[in-house]
Amino acid sequence: MASGGEIVFSEVKGLAEIRFSALLPQVVYPFAVYRSGFVLGGSILQSLLDLQESGKPFRFIVSRKSAGGRALASTNIKVVFSEIRSREDAAEGKDIYIDVRLSEYRDFAVKNVIINSPDGVKGSAPTPTRPVDSVPDVSNYRVAKDDTLWIIAHKLLGEGSRYKDIYDLNKPLIDRDNVGKGTTTYTIHPEQNLKIPKN
C-alpha cells in the first residue's frame, strides 16, 4: 500500500514515530495487487479509521525487497494510530491519498515501589489522582454540502484527527440520522446542527 511513497522513522528517546503517505486506489491499476481481489480505497480508509477509533495496538510490518526480489531488512513493530488524514486531488481522479502518523506502542507494566520514610516506616508511593474532566465548552455549526467530520474538525479545531471529538458530542443525532441508510458511522448530512468543542 505504501509502495512508491516514503516512510520516515524518527527515532526519539524511548518510542519511535513512523510517518508515511500512501495512495488508496479507487480504480484498478496494474500495481494495485490484493490477495482477495481489488478493494476500493474508500473501504480501506474506513477500515483504517475503524482501527484508529478502536485505539487498539497493531503490528506495522514492512517487507523490503531488492529489484531482483532478494529480501532485505524488514520492519515489524507494534504501533497505535496517532493521526490519519485523507485527501483527494481532483487532478488525480477519484483516488484517495492518506498521510499517516503511527506511534510505537509498548505494553504497560506497573511497578510497585517501597519507600522507606525517615522514621523507618515502610509504605507504598501514593498513586497520583487524575482530575475530573470538566464539561466541554461548545459552539454550534450547521453542516454544509460536502462537509465531513474530518473537514469540520480541520476547519474549526485545526486538526482533522479530532473528528471523533465532534462525533462523540453529537453521537445520538448522527446515529439517529444514519439509521437504515447503509451509511458509515461518521456520515453527516447537510443542515444538521452539530455541537463543536471550543477547546
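Among 94-102, 50-58, 177-185, how do they line up by average Cβ neighbours within 10 Å per residue, starting with the highest?
Numbers: 94-102: 18.0, 50-58: 13.2, 177-185: 10.8.
Per-residue mean Cβ counts within 10 Å order the peptides as 94-102, 50-58, 177-185.
For the pairs K56/K155; K164/K198; K171/K198; K65/K94; K94/K181; K145/K195, note any where the Cα-Cα span goes beyond 19 Å. Mind dumping the intermediate values first?
Values: K56/K155 27 Å; K164/K198 14 Å; K171/K198 17 Å; K65/K94 30 Å; K94/K181 23 Å; K145/K195 17 Å.
From K56/K155; K164/K198; K171/K198; K65/K94; K94/K181; K145/K195, over 19 Å: K56/K155; K65/K94; K94/K181.
Calculate, for segment 134-199, the solvent-accessible area per residue in square angstrom, rolling a 1.4 angstrom probe over the heavy atoms of the protein chains. Could you put the intermediate results ahead of the total?
Details: 3940 Å² over 66 residues.
Per residue, segment 134-199 has an accessible area of 60 Å².
Between the alpha-carbon centers of segment 12-67 and segment 159-199, tell me the distance in whole angstrom.
Cα centroid of segment 12-67 versus Cα centroid of segment 159-199: 25 Å apart.
Round to the nearest 0.05 the FRET efficiency obtained for R64 and T148 when R0 = 30 Å and r is the Cβ-Cβ distance.
0.30
The values are calculated or read from the model by the stated rules, or taken from the named source; none is laboratory data. Owing to the predicted nature of the structure, the values given are computational and were not obtained by experimental measurement. FYI the Cβ positions are ideal-geometry reconstructions off the backbone, even for glycines, and counts take in every protein chain you see. The area values use the complete protein model at the heavy-atom level, side chains included, leaving out ligands, DNA and RNA. Shrake-Rupley method; radii C 1.70, N 1.55, O 1.52, S 1.80 Å.
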